[in-house]
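Every number here is computed from the coordinates shown, using simple stated rules; none is lab data. Because the structure is predicted, anything quoted here is derived from the model rather than measured. Note that we place each Cβ from the backbone using ideal geometry, even for glycine, and neighbour counts take in every protein chain shown.
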Amino acid sequence: MSQKDQAIKDDKISFIVYEENTIPYFKQVTPKVYKFFVYAPTILTFFAIAVVIASFFYTKNVEHFIRSKEPEIIKSLRTENSLLAEKGQELTILNKQLTKKLAQGVSDTPLAGQFLISPVAGQQDLTSPAKVNIQDIKVEVNNDKVFFRFNIVNVTQDGSKLSGYIHIFTTDGNTYQKYPTAQEELDNFSLKYNEGESFATSRFRPVEAIFKKMDRSTLIFKIVIFNRIGDLIHQQQYKEVAN
């Protein structure tokens, strides 16, 4: 080994260590160890400062994001609260109307043309003035099924929300079918007005009824619509040759 290599190998940093009540002594460390003890605390300090600064800005960004979203959350909660309040008002009105109807008793005869649906207490014919208009009626035959489609259009004079139950009957002259399906009740003439398809609309609402294909091609469809408390608000008949 050369003298230069030996000098590098033996290159160390010496310290004189003084301790109370002891004789001073020399302490030697390599340059790498010395640099570690000198620079490591500085590096760790800068790293800690960087972490603190990053955490500060991250917290600020999260806070800003929450504040920016807060109006949307409040708006959503207000909308939900408004809908719940509206629903509560509707239920209160329905409850009062039903209470009044129950006090009137059930009529001995059903409304005109409603021999298939059982009458209810205080039931009225509210088809005039018109509250519902049926538009875009279409009949489609596909294999062994008949599709009957139309749109319910709200034509109330004050534009108020309309809700109730939809019944659709069809016959080819021999057999009857009903939508929604209730064959046993249909056979026994014991249908209830609230067993129809529920609906609610402020403008229009599409309806699709599916029936089994019948033997004859000429079909008669009858649409019957009741409000929530059983009053008749619309009835309409439609004839179609379904090929």
remark   = Counted neighbours (other Cβ, 10 Å), sorted fewest up, put 57, 221 in the order 57, 221
request  = Arrange 192, 239, 161 by Cβ neighbour counts within 10 Å, fewest through most, would you?
outcome  = 239, 161, 192
Two-site label geometry, residue 39 and residue 136: point separation in nm, points 7 Å out along Cα→Cβ = 7.6
query = What ranking of 179, 193, 238 emerges when the number of other C-beta atoms within 10 Å of each C-beta is taken as an exposure proxy, fewest first?
reply = 238, 179, 193
query = For the range 132-241, what's the relative contact order in percent, using C-alpha pairs closer than 8 Å and at least 6 residues apart?
reply = 31
